[in-house]
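The values are calculated or read from the model by the stated rules, or taken from the named source; none is laboratory data. Since we're looking at a predicted model, the values are computed, not measured. Reconstructed Cβ throughout: ideal geometry from the backbone, glycine too, with neighbour counts over all protein chains shown.
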Amino acid sequence: MEKKVLYSAVQPSGNLTIGNYTGAIRNWVALQDSYECFYAIANMHAITVRQEPAELRRRTLELCALYIACGVDPEKCTLYVQSQVPQHAELTWVLNSLTYVGEMERMTQFKDKSARHAENINMGLMDYPVLMAADILLYQTEIVPVGIDQRQHLEIARDIAVRFNNRYGETFRVPEGYIMKAGAKIASLQEPTKKMSKSDENLNASVFLSDDRDTVIRKFKRAVTDSGNEIKATEEKPGVSNLLNIYAAFSGKTVEEAEREFEGKGYGEFKLAVGETVADVLAPVQAEQKRLLADKKYLGEVLSSGAERAFKAARKTLSKVYRKIGFYQGE
Ligand code: TRP
């Protein structure tokens with residue numbers, strides 16, 4: 001039986017946090033045997049906010065190396081850079097004519113980013129969900145593992161697929177979301193009711209995958225806890241709950257097991273244990289990423305064979321789309 005197609009992508013902008021690891025990349029590894037996976041580095045999405053060109057290029061390779069260091073196997077999956085497959089831009093243009101300005105203006109992320117980048121509310125920022133729909137629909141994707149913040153974008157991708165199919169006949173598979181459960185919601189260490197974010201201005205709020213051991217441990221030591229001294233995951237204790245959740249995600253234990261382990265212990269000892277556990281998991285990933293980054297030739301080969309495979313799959317869908325909408329494709 002043919003495997004179902006799974007698609008996901010991460011933008012090469014900003015430093016990835018431990019939330020990106022537990023909520024996305026680590027799950028991708030678990031899924032790569034059961035699905036035909038396409039994993040992209042979404043650099044076309046990244047330029048909707050200003051990027052330093054040299055940095056964008058560097059981060060693209062860093063992200064590629066990170067995927068592989070985390071266990072994404074480029075032999076099993078199609079790992080590629082979005083801009084190297086021109087069909088993404090081409091399909092976006094077609095889908096643009098089926099998407100309404102009002103729909104895009106109502107998107108939560110567009111409103112948030114417009115507020116944050118008021119000096120640069122560009123067309124790309126507004127069109128971001130259509131490009132994401134093109135990403136997904138080009139590969140006849142069935143499953144899209146995403147974090148909760150991307151759910152609205154996935155809904156729009158489904159709406160656009162249905163709209164196209166209704167107007168021109170069955171063309172796109174309508175994708176399903178797959179909202180990650182375990183470790184999906186890692187909160188800020190400083191304001192534990194907020195999501196941990198790549199772009200938080202408070203540098204102690206987020207733990208980055210690139211943080212060295214001392215930095216990781218220091219950030220956890222400074223993490224906000226709650227009043228009282230019990231180490232229990234309850235609604236009144238968002239700080240402690242978040243730390244327990246992180247500990248569970250990084251140790252492979254359940255939250256209940258973690259609660260038992262730290263029963264009667266103090267916050268200081270608990271926070272140190274969480275920091276050390278996270279640092280222990282990150283160390284080999286960082287070492288492997290560094291090793292891979294020293295081998296640009298290998299990374300280049302991975303990405304060019306990934307782009308080639310993606311290109312072939314994408315060309316098939318785009319050619320069908322062009323036929324359906326009446327674009328001349330030669331005799
Ligand atoms: N917008 C997604 C994010 O920032 C990244 C992304 C781009 C994506 N294209 C995608 C995710 C297609 C899933 C499917 O997280």
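State which residue is farthest from ALA69 (Cα to Cα) when the search covers only segment 16-45 and only residues that are small (Gly, Ala, Ser) and surrounded by 21 or more Cβ atoms within 10 Å (Cβ to Cβ). Let's see the steps before the verdict.
Initial filter on segment 16-45 (small (Gly, Ala, Ser)): 19, 23-24, 30, 34, 40, 42.
Subsequent filtering for residues that are surrounded by 21 or more Cβ atoms within 10 Å (Cβ to Cβ) retains 19, 23-24, 40, 42.
Values: GLY19: 16, GLY23: 16, ALA24: 14, ALA40: 15, ALA42: 18 Å.
It comes out as ALA42.
Of ILE18, ILE41, all but one fail to be under 23 Å from ILE246 (Cα atoms) and either in contact (Cβ under 8 Å) with a residue 40 or more places away in the chain or within 15 Å of the ligand (Cβ to nearest atom) (or both); the exception is ILE18.
For segment 212-228, the set of residues classified as in contact (Cβ under 8 Å) with a residue 24 or more places away in the chain and touching a Lys or Arg at 6+ places or on another chain (Cβ under 7 Å) consists of PHE220, LYS221, ALA223, listed by residue number.
Pairs linking a residue in segment 142-161 that is more than 12 Å from the ligand (Cβ to nearest atom) to a residue that is among the charged types (D, E, K, R) and part of a strand (DSSP E or B), with Cβ atoms under 7 Å and 6 or more positions apart or on different chains, are GLU142/GLU176. Evaluate the following for THR234: is it hydroxyl-bearing (Ser, Thr, Tyr), within 30 Å of LYS320 (Cα to Cα) and either modelled with pLDDT of 95 or more or more than 15 Å from the ligand (Cβ to nearest atom) (or both)? In short, no.
Which residue, of LEU131, LEU154, LEU137, is more than 16 Å from the chain's Cα centre (by Cα) and not charged (D, E, K, R)?
LEU137
Yes/no matrix, rows are residues, columns are (1) closer than 20 Å to ILE179 by Cα; (2) outside any loop (DSSP other than H, G, I, E, B):
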{"residue": "MET1", "(1), (2)": "no, no"}
{"residue": "SER13", "(1), (2)": "no, no"}
{"residue": "GLY23", "(1), (2)": "yes, yes"}
{"residue": "ASP33", "(1), (2)": "yes, no"}
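Once segment 278-295 is narrowed to residues that are touching a helix residue (DSSP H, G or I) at 6+ places or on another chain (Cβ under 7 Å) and not aliphatic (A, V, I, L, M), the residue that is farthest from ASP211 (Cα to Cα) is GLU288. Do we have any residue at all in segment 51-73 that's buried (at least 18 other Cβ atoms within 10 Å of the Cβ), in contact (Cβ under 8 Å) with a residue 60 or more places away in the chain, within 16 Å of the ligand (Cβ to nearest atom) and outside any helix (DSSP H, G or I)? Checking segment 51-73: not a single residue is buried (at least 18 other Cβ atoms within 10 Å of the Cβ), in contact (Cβ under 8 Å) with a residue 60 or more places away in the chain, within 16 Å of the ligand (Cβ to nearest atom) and outside any helix (DSSP H, G or I).
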